[in-house]
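Reading through the C-alpha cells given below for one structure.
Read the figures in this text as sums done on the coordinates, not as results from a lab. Computed from a prediction, not measured in an experiment: that's the story for all the values here. Reconstructed Cβ throughout: ideal geometry from the backbone, glycine too, with neighbour counts over all protein chains shown.
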Amino acid sequence: MSKVISVNSGSSSLKFQLFDMPSETVLTSGQAERIGQQMGAFTIKYNGKKETVELPI
C-alpha cells in the first residue's frame, strides 16, 4: 500500500490530501488558513469527522 500526499499552498493558506494508492482513496485532508495573521485556523477531516481549531499559525 503506497501513500501520496498532495499539497497546495497559497499566500495565506495551505491545503493537503493524503491518498491511498492505487485506489486514490482520500485518507485524510485538511487546511491551514489565515497563515501569518493574528489568529489562524487548522481544519482536518478523517474517518468521517471534521475538526477545526483556531490558533496563531
- Query: How much length, in nm to one decimal, is gained on full extension between V26 and M39, taken as 0.36 nm per residue of separation minus their Cα-Cα distance?
  - Reply: 1.9 nm
- Query: Using 7 Å Cα-to-Cβ label points, what is the E54/V4 separation (nm, one decimal)?
  - Reply: 3.6
